[in-house]
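Here the structure is laid out as structure tokens; the discussion comes afterwards.
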Amino acid sequence: MADPMTQSGQISSSLNASSTKESTYSVMELVYWRDPKKSAVAFGMSLLVLLSLAIFSIISVLSYLLLALLCVTITFRIYKSVIQAVQKSGEGHPFKGLMEQDLTVQPETFRKYVDVFLTYVNRAVKQIKHLLLVEDLVDSLKVISA
């Protein structure tokens, strides 16, 4: 009989492989326009975001997108509340399933990403020190001429 840890690793890797195939398949569905409505919405929104980024700063675009999302969610919540009051049903909060999801970041995951980020920061600091303190005259002159 196989070790339970080995089995769970194999199951996890097979699940990751199948989810990767599914996501690749769904992206290919969009790219090949197999469902024109979904593709039009996806590419239209992408074009709108890219045009907005060409005109406005990323902070403005992000804040307007979040504001639009907030308006949609508030409108949907009010709509569901009115429907529940008219039909006298007790369905509860329309986003209850989303609110019950755990979105906390595990400390190990956070530390892993901080370590990767720290590697990039240290590499950048080392390169800046190399260029600004003129360890190599040619490299420092290339920065000036660029």
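The values are calculated or read from the model by the stated rules, or taken from the named source; none is laboratory data. Please read these numbers as outputs of a predicted model, since none were measured by experiment. Cβ sites come from the backbone with ideal geometry, for glycine too, and all protein chains shown count toward neighbours.
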Which pairs do you get when a residue that is under 16 Å from MET45 (Cα atoms), found in region 57-70, comes within reach of a residue that is surrounded by 10 or more Cβ atoms within 10 Å (Cβ to Cβ) and among the hydroxyl-bearing types (Ser, Thr, Tyr), reach meaning Cβ atoms under 7 angstrom, with the pair 6+ apart or on two chains?
VAL61/SER52
All conditions in (1) closer than 26 Å to MET99 by Cα; (2) modelled with pLDDT under 80; (3) of a type outside the set (Phe, Trp, Tyr) are true of GLN84 except (2)
Scan region 95-123 for residues that are within 30 Å of SER81 (Cα to Cα) and not charged (D, E, K, R) and report the count.
7
